[in-house]
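Report on the following structure.
The values are calculated or read from the model by the stated rules, or taken from the named source; none is laboratory data. This one's a predicted model, so the numbers in the text were calculated from it and none came from an experiment. Cβ coordinates were reconstructed from backbone atoms using ideal geometry, including for glycine residues, and neighbour counts include every protein chain displayed.
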Ligand code: PMP
């Protein structure tokens with residue numbers, strides 16, 4: 001990590017907010033982009049921009065190579081068996097909706113069960129609510145313990161021979177801890193169910209091997225891992241994707257069309273109707289190069305250490321309540337400061353140049369579990385330093401004093 005000049009690689013960090021150097025601690029919402037990614041987008045638009053797949057001219061073939069090359073990078077990054085298992089989408093939300101609308105609606109019937117945890121982000125809750133309503137399948141929630149986590153025993157109890165789909169986040173965007181997805185995949189498979197993993201908060205911080213995890217579907221977003229907005233991935237096992245119907249119909253995804261019917265292209269293109277997210281995919285490929293250049297192991301170690309450091313420092317401030325288990329946070333901490341409303345806290349921290357998030361973090365049921373209407377969240381990434389944490393702690397202390405008056 002030390003080998004990279006973060007100020008140089010991330011020009012956005014090199015600015016003052018309200019007269020203070022920016023400390024960006026809102027990485028779980030979206031990360032900043034390194035020059036390498038910004039330049040790859042610029043190069044694409046300056047030199048290679050064209051539509052993909054159908055063109056025979058040079059720019060189109062360059063754009064196609066770059067787009068399909070990015071797919072190969074994603075397949076290697078996740079250790080997918082083949083790049084046919086990599087579908088480009090708009091992000092985690094679109095990926096989960098694709099599985100819900102295509103796979104789940106086709107396999108679920110009355111009496112079947114969809115099992116999710118009660119800590120899920122709305123993106124991994126609402127699509128399943130809709131499937132349950134449409135198919136009369138039952139939506140079951142693995143109950144939470146006091147600290148917001150669930151036990152593998154409770155997961156095992158919830159998953160039964162009626163279960164068709166298990167959907168769970170790999171790393172929670174509120175608790176910051178990892179769920180036992182590998183064990184859950186084994187349990188799901190024992191009952192003939194499939195597992196969909198929401199990897200929005202895991203892929204940026206840890207090496208994910210979809211074959212080792214044994215997951216059937218895995219979703220993540222480019223913008224949370226140094227890539228552009230508007231691009232994400234759905235990984236799916238080939239034999240499942242092959243059986244699934246597209247949910248978007250139009251150009252690019254067809255094989256043969258007549259006036260009354262049509263047939264689809266092979267994987268992965270049958271799921272990518274219309275002009276795809278070409279620049280986004282190329283930018284994501286470069287983000288993967290960037291992260292792999294540092295090493296996912298190095299990133300994981302850095303993010304975990306920095307989070308533990310922040311937690312230890314925050315414990316020294318009276319009135320700070322942290323949510324979730326004490327150990328095992330991958331890159332974020334969710335908290336409140338006495339009775340200060342988290343929005344007020346985030347607003348005051350902004351006046352010191354510190355960016356954090358406040359709200360329900362798209363996890364209203366988990367907030368209710370904690371009997372909190374909202375919380376603040378500081379989230380860290382590879383460019384954050386202990387100095388950033390010290391600035392954050394100092395600002396928290398000042399905020400506390402300010403609201404005491
Ligand atoms: N799941 C989790 C755990 C997340 O943190 C997020 C982003 N906040 C999402 C899903 C949705 O990601 P996106 O908005 O990029 O689709």
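Observations
- Residue that is surrounded by the fewest Cβ atoms within 10 Å (Cβ to Cβ), among those in region 133-163 that are within 23 Å of the chain's Cα centre (by Cα) and either within 16 Å of the ligand (Cβ to nearest atom) or assigned to a strand (DSSP E or B) (or both): 139
- Test: residue in region 117-130 that is away from the ligand (no atom under 16 Å from the Cβ), in a helix (DSSP H, G or I), modelled with pLDDT of 95 or more and closer than 18 Å to residue 218 by Cβ: no
- Those residues of region 338-357 which are outside any helix (DSSP H, G or I), closer than 18 Å to residue 176 by Cβ and more than 14 Å from the ligand (Cβ to nearest atom), in sequence order: 355, 356
- Qualifying residue in region 49-68 (condition: within 16 Å of the ligand (Cβ to nearest atom) and either closer than 30 Å to residue 140 by Cβ or under 27 Å from the mean Cα position of the chain (by Cα) (or both)): no
- Look at (1) without any contact (Cβ under 8 Å) to a residue 40 or more places away in the chain; (2) surrounded by fewer than 17 Cβ atoms within 10 Å (Cβ to Cβ); (3) part of a helix (DSSP H, G or I); (4) touching a strand residue (DSSP E or B) at 6+ places or on another chain (Cβ under 8 Å) and you find that residue 321 fails only one, number (3).
- Only one entry of 198, 258, 212 meets the criterion of being within 16 Å of the ligand (Cβ to nearest atom) and modelled with pLDDT of 95 or more, and that entry is 198.
- Residue ID - surrounded by the most Cβ atoms within 10 Å (Cβ to Cβ), chosen from residues in region 22-54 that are touching a helix residue (DSSP H, G or I) at 6+ places or on another chain (Cβ under 8 Å) and part of a strand (DSSP E or B): 23
- Scan of region 81-93 for residues that are assigned to a helix (DSSP H, G or I), surrounded by fewer than 23 Cβ atoms within 10 Å (Cβ to Cβ) and within 15 Å of the ligand (Cβ to nearest atom), ordered by number: 93
- Some residue of region 234-246 being in a loop (DSSP other than H, G, I, E, B), under 18 Å from the mean Cα position of the chain (by Cα) and either over 29 Å from residue 107 (Cα atoms) or within 14 Å of the ligand (Cβ to nearest atom) (or both): no
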